[in-house]
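In what follows, a single structure is set out as structure tokens and then discussed.
The values are calculated or read from the model by the stated rules, or taken from the named source; none is laboratory data. In this text the structure is predicted, and so the values were computed from the model without any measurement. Cβ: placed from backbone, ideal geometry, glycine included. Neighbour counts: every protein chain shown. Ligands, DNA and RNA are excluded from the accessible area calculation, which covers all protein heavy atoms including side chains. Shrake-Rupley method; radii C 1.70, N 1.55, O 1.52, S 1.80 Å.
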Amino acid sequence: MSVCRENANIRDNHRRVLAEKFELRRNLYKALCKDTSLPDELREENRYKLSKLPRNSSFTRIRNRCIFSGRGRAVYETFRMSRIVFRALASKGMLNGVKKASWIGVIKVEEK
């Protein structure tokens, strides 16, 4: 795994930690901002507090990444690996309970 991919995994892990840390505070500020029954001053104050939270503490910044290659696209969430790594490991038989599907002989044409 290259240094760049490794750094991507470290950055993503850092974002996950921050998101977990600030989750309650962020949800509270959001709820107070959206509550129309509150005075405008209070809503504006909570909007300001929300904007001062770290950007990386937002859940939208978290990306599912492959734990082997660091790839950010085509990642199977249950296995936490990319399709490329998944296929390589599955073809070697290194994933328990995973086997290649075989469609030969499934469709039979009836002759009259």
Unique residue being within 13 Å of the chain's Cα centre (by Cα), more than 25 Å from residue 96 (Cβ to Cβ), outside any helix (DSSP H, G or I) and among the basic types (Lys, Arg) when the list is 16, 63: 63
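Can you pull out the residues in the stretch 25-57 that are hydroxyl-bearing (Ser, Thr, Tyr) and under 14 Å from residue 11 (Cβ atoms)? Spell out how you get there, then give the answer.
Of the residues in the stretch 25-57, the ones hydroxyl-bearing (Ser, Thr, Tyr) are 29, 36-37, 48, 51, 57.
Matches in the stretch 25-57: 57 only.
For the stretch 60-77, how many residues are of a type outside the set (Gly, Ala, Ser) and more than 12 Å from residue 12 (Cβ to Cβ)? Write out each step before concluding.
The first filter runs over the stretch 60-77 and keeps only residues of a type outside the set (Gly, Ala, Ser), leaving 60-68, 71, 73, 75-77.
With the extra rule that they be more than 12 Å from residue 12 (Cβ to Cβ), the set shrinks to 60, 68, 73, 76-77.
Qualifying residue count for the region: 5.
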Residue check, residue 26 of a type in the set (D, E, K, R), surrounded by 12 or more Cβ atoms within 10 Å (Cβ to Cβ), part of a helix (DSSP H, G or I) and touching a residue at least 40 places away in the same chain (Cβ under 8 Å): no
Candidate set: the stretch 77-99, residues that are in a loop (DSSP other than H, G, I, E, B) and more than 12 Å from residue 64 (Cβ to Cβ); chosen: the one most open to solvent (accessible area, probe 1.4 Å): 99
When residues of the stretch 29-47 are limited to those that are open to solvent by 80 Å² or more (accessible area, probe 1.4 Å) and closer than 20 Å to residue 61 by Cα, the one nearest to the chain's Cα centre (by Cα): 30
Those residues of the stretch 50-76 which are of a type in the set (D, E, K, R), touching an Asp or Glu at 6+ places or on another chain (Cβ under 9 Å) and buried (at least 16 other Cβ atoms within 10 Å of the Cβ), in sequence order: 65
